[in-house]
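To start, the structure under review is shown below, and the notes come after it.
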Amino acid sequence: MTHSSTSFRPSTTWSTLLLRDAGSAPRRFDPSTPLHEQVLIRSTGTPSSCWLFQGAHDGSGYGCVRFKQKNYRVHVVMYEAAFGDIPDGLHLDHLCRVRDCCNPGHLEAVEPHENSYTRSRWVGNGLPRTTHCRRGHEWTEENTYLRPDGDGRQCRACIEIRWRHQAEMARGG
């Protein structure tokens, strides 16, 4: 059974946690608080929009957390909190095409080939329909580095910022 945004309505508790200021969340996860609630207080959005996780992200752009000595992707945590375990053999598809979105209503458990097909409908050789990178730089031909392995793109302005930061850190700054 799959679930879509039309079948999911966040509870009042979830909405209250989501609408809090994500910047006020404690730095460490509290083991006595359910993990999905801790993900919510570290996310921004409204009950009907994408819930963007404000914590760490893995190399693929998915929000991730470490809790009780185990790593989790936040969209999986939220889907399972809302709907239960992901059925064996299925993958989660972000219907909104936003990898750091953890709104369960934007997630659907699908066959792997269907998830691949959905990704192939993105604009520009598998690239999402966004116009700006995560930091707000516009995706232009000059500012976009297409990875040679075909696995996405990188913002050249962000690459430059990262290089400068690394150079500064190497100098002891």
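The values are calculated or read from the model by the stated rules, or taken from the named source; none is laboratory data. The structure displayed is predicted, hence computed values, not measured ones. As a convention, Cβ positions derive from the backbone with ideal geometry for all residues, glycine included, and neighbour counts pool all protein chains shown.
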Within region 134-153, of all residues that are in a loop (DSSP other than H, G, I, E, B), over 21 Å from D58 (Cβ atoms) and of a type in the set (D, E, K, R), the one modelled with the lowest pLDDT is E141
Of the residues in region 64-119, those that are in contact with a strand residue (DSSP E or B) (Cβ under 6 Å, 6 or more places away or on another chain), β-branched (V, I, T) and farther than 23 Å from R135 by Cβ come to I86, V110, T118
